[in-house]
1. Report the net charge of residues surrounding Val103, where surrounding means a beta-carbon distance below 13 angstrom and charges are Lys +1, Arg +1, Asp -1, Glu -1.
2. Please check: in the Gaussian network model of the chain (C-alpha springs, under 10 Å), which one of Ile85, Ile11, Ile64 has the largest mean-square fluctuation.
3. Before rounding to the nearest 500, sum -39500 (n - 2.57) across all DSSP H runs of length at least 4 in the chain and divide by the residue total; then give [θ] at 222 nm in deg cm²/dmol.
4. Quick check: net charge around Arg137, other residues with Cβ under 13 Å of its Cβ, Lys/Arg +1 and Asp/Glu -1?
5. Which value, in debye to the nearest 20, gives the size of the charge dipole of the chain about its Cα centre, when Lys and Arg are +1 and Asp and Glu are -1 at the Cβ?
6. To test your reading of the geometry: what angle, between 0 and 90 degrees and rounded to tens, separates the Cα axis of helix 2-29 from the longest principal axis of the chain?
7. Between the helical axis of 130-153 and the dominant principal axis of the chain, each derived from Cα atoms, what acute angle in degrees is found, rounded to the nearest 10?
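Read-outs throughout are calculated quantities, based only on the coordinates presented, and are distinct from any laboratory measurement. Just so it is clear, the structure is predicted and the values come from calculations on it, not from any experiment. Because the Cβ atoms are built from the backbone with ideal geometry, glycine has one as well, and the counts that use them run over all protein chains shown.
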Amino acid sequence: MRSSHVIRRRILLALALFITVTAAALAAFLPVHFDSREESFEIPKGTWARRMAGDKVEILPSEIFLTLGMHDVLHLRNLDDVPQIFGPTLLMPGQSFRLPFHVASENLFACTAHVSGQLMVVVEETPDSPARRLSWRARCLVRSLSSTFRSHAA
């Protein structure tokens with residue numbers, strides 16, 4: 001009886017290991033594709049009024065991550081009733097702004113739509129090798145989970 005329990009455990013462990021290795025191999029070797037090269041964000045109507053009323057409105061993350069060759073165009077749309085500033089650009093109500101990035105870099109912008117008044121845009125290198133794709137996908141997963149937990153905690 002004991003030996004069948006040990007065998008079952010080893011089979012489950014081997015299966016879990018196989019699934020983990022297969023998932024890692026797929027994440028490393030499958031190419032990364034997106035329908036659009038834009039990462040879009042909207043400033044909702046009423047954001048400024050809510051902020052002036054004392055509400056700590058979080059409509060944008062403190063950091064936006066872009067990846068060269070995949071999502072390397074930041075697209076902002078101002079749906080609010082008042083103009084918003086992003087870097088040197090004044091976004092009038094209803095106006096959109098697209099900013100393409102061509103170099104991996106960290107960029108700090110003034111941003112009136114953000115609570116802190118600043119927004120960091122991090123542009124990462126293209127993950128062009130299996131190890132980089134695996135690392136890139138892991139970072140994206142961690143950021144996504146972190147963002148999900150923060151939004152549920154608020």
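1. -4
2. Ile11
3. My calculation for the chain gives -13000 deg cm²/dmol from helical runs alone.
4. That works out to +3.
5. 1040
6. Tilt relative to the chain: about 40 degrees.
7. It works out to around 60 degrees.
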